[in-house]
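Report on the structure given below.
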Amino acid sequence: MVGAMDNALDASAPGSRVVLVGGECVVGRALLDSWQLAGVAATVVGRAPADGTEAEVAGHPVVDVNRRAAVASALSGAAELVILGATGVRDADGSGIGLLDEPLVAAVLAEAARNPPGHVTVLSTALAYELAVGGPSLRTENDPLVPGRVRAVADRVRLESLVAGWEATTKVPVAVLRPVLVASVEARSWFGRSAWRNRRLCPSPRPVVQYVLLRDVVGAAEVVRRRRAAGAFNVAPDGWLEGAETVELADRRFVVGAPPAVLAFVEWLRWWTWWSPTPPALLDLARHDVAVDSARLRSEGWASSHSNTEAFLVAHAPAWWPSLSARRRQDLVLGGALMTVAAASAAAVVALRRVRRS
């Protein structure tokens, strides 16, 4: 099995030349860092800034997709094509991919059809499975995908369809990875403000959920690359987190189950005031179960390095009060008490002076 220590790319593995499409996101940077650490040659194809400056991702210069000759040169002899198509806008799962840059992906696939790589890996999402609630019903790769109202998720479904057509024409094996919520320290701020945040107003009943560590998503991409695997693969640790477990892990002592209409209004208000990075439609996913079966990927040799619990704790920063030391909490309580006494004393003095003047 490919465990935590084997989840980095191996420069000696077959086909070490990699082209990454649309890598400006959390997952893209993690892949590039892993490849660089292993000495794997990587080229990023994306879009140049409008001001004409040279773009780069994790220290790798970006080949502008409009420079067809440069893109053709990058694809020439490449053994692996990894497609993210990230824009970084309206992320839905912590990967940072957000909405799909479909023209970018279509242009690269058109060029790759003339000079096909040995293998293609596409990053999709497990959030596209049919919504369910009421207990863990593990989704498999054979279950249908439902685009839904969340555009970033619908884009991933469209990406799978786009690449499937390309695969049928070129006969190049394509692996589609469908991770659950992607946990990383880099995405903590996003999780803390998104529809997946630890909230005091919770859906009722509370859904089950799965988190996978970012490094395990990188490891999954490496496994399918080495095995030249084809087909769809769910990416998630064994097991899941019940709603009560997430509340306990978040150290939320006062949690109230709220009806969907109340939650929808709160999400709309947060979105309208620019406080939430995720559109209100994402609530449809956040209040339903997210649980998949990764047996197919494990049969290829993949293994998660961290459990759902550990990944959850990586994704969500601890609540500020419980994270303080006992001494610090005591100092804050005493300080607050002194300020309250001082304010009350000042108010009493002012009131007494007014009484005397009258």
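In a reduced charge model with +1 at each Lys and Arg Cβ and -1 at each Asp and Glu Cβ, region 165-206 shows a dipole moment near 380 debye about its Cα centre. The distance from the alpha carbon centre of region 69-94 to that of region 95-131 is 7 Å, rounded to a whole number. Binning the C-alpha pair distances of region 120-226 at 10 Å intervals from 0 yields a P(r) profile of 12, 37, 37, 11, 2, 0 %, listed from the shortest bin outward. For Val57, the residues whose modelled amide H falls within less than 5 Å of its own, excluding neighbours fewer than 5 places apart on the same chain, are Val62.
The alpha carbons of region 154-197 occupy a box of 43, 19, 13 Å along the principal axes, longest dimension given first. Roughly what percent of Cα-Cα pairs across region 12-95 reach past 22 Å? When every Cα pair of region 12-95 is considered, 23 percent fall beyond 22 Å. Its relative contact order, with pairs defined as Cα atoms under 8 Å and 6+ residues apart, puts region 114-176 at 48 percent. For region 102-152, the equivalent ellipsoid built from the Cα gyration tensor has semi-axes of 31, 14, 7 Å, listed from largest to smallest.
Read the figures in this text as sums done on the coordinates, not as results from a lab. Remember, it's a predicted structure, so these values are computed and weren't measured experimentally. Quick reminder, even Gly has a Cβ in these numbers, built from the backbone with ideal geometry, and neighbours come from all protein chains shown.
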